[in-house]
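Everything on this sheet refers to the single structure shown next.
What follows draws every value from the coordinates through simple rules; no lab data is involved. What you see is a predicted model; the values in this text were computed from it and never measured. Cβ coordinates were reconstructed from backbone atoms using ideal geometry, including for glycine residues, and neighbour counts include every protein chain displayed.
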Amino acid sequence: MNRNDISTERAHLGRRDLFRIGGFTVATAAVISACGEHDRGQVGRVGDVSTTSSLPDAKVTNVTLLRTSSSLQHSIINVYAQVVGNSELLDPKYNDLIQRYIDDHKEHATLFEDLTTKAGGTAWTCSNPKFDDVVVNPVMTRITKGSPATATSKAIPPSDDPRRDILNFANGLESWAGASYQSFVPLLSDPSLRSSSMTVGAREARHAALLAININPDRPGGLVNFTDAVNAEPAAPPTTTIAPTTTAQNIATPGSGGSKSEPAPPQTVIPTVTAIPSQFGSLAAIQIVVGAGDENGTRLKMNLETPSLNSFVYEFMEPSC
Amino acid sequence: MSISKGFFVDKVVTEAAQPDGALRRRLLGIGLGGAAVSLLPFLAGRAGATTPGTAPTDSAAATTTTSAPPKRPTDDDVSLLGFAQSVEIAAFRLYEQALANDGFDDNDRAVLATIHDAHQAYASSLSGFLGRQAPNEVNPVYDDVKSSFTGDRSSVLDAAYQLESTAVATHTDILKQLQGTDGAGLLASILIVEARHGTVIAYLNGSTDLDELLVDPEADALTPADA
């Protein structure tokens, strides 16, 4: 092989040839893939890979909000259905009140279901699955059964005062429902739906207020927020007994737990409730504290937050009740 | 190019060995590659994905989309919110009348003063929201019912109960017409607490009737046409 031959071969496999081959390869792949089966709008894939299933379309529409609205009603109805007529969980003197609340919630659920249908959606007639999993079931279990022992903690007994916990939970649920409908107002695009939402929200707020009046016997502390009352009449602050904002309730009696030589740790303070807790409707989380304390005296604390992206009942969701 | 030296002559010969045909092929290759690259984005969009029947695409067309409503109040909203403000001004002035009574104990007074302050805060918040467009007027309902706020304890509480329900009904009615979400959100945060006011006032007045305590039925709404 002489020098001329070598030079010629190098020219045939030069940089330009590699570009040429590469370009041809890409063009061929694109043409081949374009000729295959495809659906408009899908991202194309080159090569042989396993198929993927796409996530459902999760849009927050009026229908989504209305389905969520009816789901909240069913979640609350389910809680009340467990306690009404059960004297261990609910003082019988509140049976009529809770039964009235159930009737109201059924009416509200029907309203939202009808509105969902009118808006072109499929009515949601079940409870809110996310809320049930995260709030309702843990709270009810902690009140009625306590918590079993684990490798790192002792068993927690059922609530030391189930009736107290159920009323506080009911108050929390009603306040939360009212706040939820308030939170939907800026999200709903149709003004008439906002109005319907707040018609129900106002009713839930009244449910909560009436429960607070019954739960908290302090006056005016059970009626109005202490700070608001003092600010309203700074020259003449109320002279009646007013519950401080963190009244310690149900302090564990000595000897009820722990060793004989050590007093039982104090139980988590249960927040007091007020019929008119603030001047404006708050969208902040509502904290409830229920159940017996664990070995450290810590009760179950739960924040009830208005529904958001992870608890909306989207249009693709299928009811399971 | 010099051809005076043998080595370079060879090189020239080598290049000349692939004259027109090689150039054409090269240009063709470059052109094809360039075309392929330029077409890639287009082709990729419709390229042959083989995923069968799981496309998220056209189902979206059936979804009811929510068109974004305006945040700021429209001109009509300003009028409606101004009307709402007039109701709140009338309310706190009526509670001023009520608190001038001697017939209330400390407990009543603490509650009524708190509710008075709340209505004043509502009027202020609407004033702040509307800015210079706030009418800052007293709704005629003030003149209509002020005599009811100067009687005995029970009749004043009755009148207050009715006033709160009227305010809730009025604001709920206004919500049906408001386009802007900011104003709607503010009004919702007001009416949900006014709803609680009614229950507390009914309780203060000694009611044990559930319908009354839950303010069922609601009073009639005031409308700008009434003013």
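Enter the mean number of other protein chain beta carbons within 10 Å of the beta carbon of each residue in A:112-121, as an integer.
Mean shielding count: 1.
Taking beta carbons within 10 Å but only from partner chains, what does the mean come to for residues A:279-291?
Taking all residues of A:279-291 together, the mean is 3.
In the structure displayed, which of A:Lys106/B:Lys146; A:Lys93/B:Lys176; A:Lys301/B:Lys176; A:Lys106/A:Lys130; A:Lys118/B:Lys71 lie more than 28 Å apart, Cα to Cα?
A:Lys106/B:Lys146; A:Lys93/B:Lys176; A:Lys301/B:Lys176
How would you rank A:Thr110, B:Thr208, A:Thr272, going from fewest to most other Cβ atoms within 10 Å of each one's own Cβ?
Final ranking by Cβ density, sparse to dense: B:Thr208, A:Thr110, A:Thr272.
Using a 7 Å offset from the Cα along the Cα-to-Cβ direction at both A:Thr25 and A:Ser308, what is the distance between the two label points in nm, to one decimal?
4.8
Test of understanding: express the Cα radius of gyration of the stretch A:59-184 as a ratio to 2.2 N^0.38 Å, with N the residue count. Don't jump to the answer; show the numbers that get you there.
On the way: Rg = 16.4 Å, N = 126, 2.2 N^0.38 = 13.8 Å.
Normalised Cα radius of gyration, the stretch A:59-184: 1.19.
Using a Förster radius of 60 Å, what is the FRET efficiency between A:Asp114 and A:Asn231 based on their Cβ-Cβ separation? Nearest 0.05, please. Mind dumping the intermediate values first?
Working: r = 43 Å, r/R0 = 0.72.
Efficiency, from the Cβ-Cβ distance: 0.90.
Note down the nm distance, to one decimal, between modelled labels 7 Å out along Cα→Cβ at A:Asn86 and at A:Asn296.
2.9
Once you list every other residue whose beta carbon is under 15 Å from the beta carbon of B:Lys146, what net charge do they have if Lys and Arg are +1 and Asp and Glu are -1?
-3
Just in the stretch A:123-226: which trypsin sites (Lys or Arg not before Pro) are loop by DSSP and have at most 14 other Cβ atoms within 10 Å? Provide the component values of the computation, followed by the final result.
Numbers: sites: A:Lys130, A:Arg142, A:Lys145, A:Lys154, A:Arg163, A:Arg164, A:Arg194, A:Arg203, A:Arg206; in loops: A:Lys145, A:Lys154.
The qualifying sites are A:Lys145, A:Lys154.
Please rank A:Val83, B:Val78, B:Val200, fewest neighbouring Cβ atoms within 10 Å first, as an exposure proxy.
Ordered from fewest to most neighbouring Cβ atoms within 10 Å, A:Val83, B:Val78, B:Val200 come out as B:Val78, A:Val83, B:Val200.
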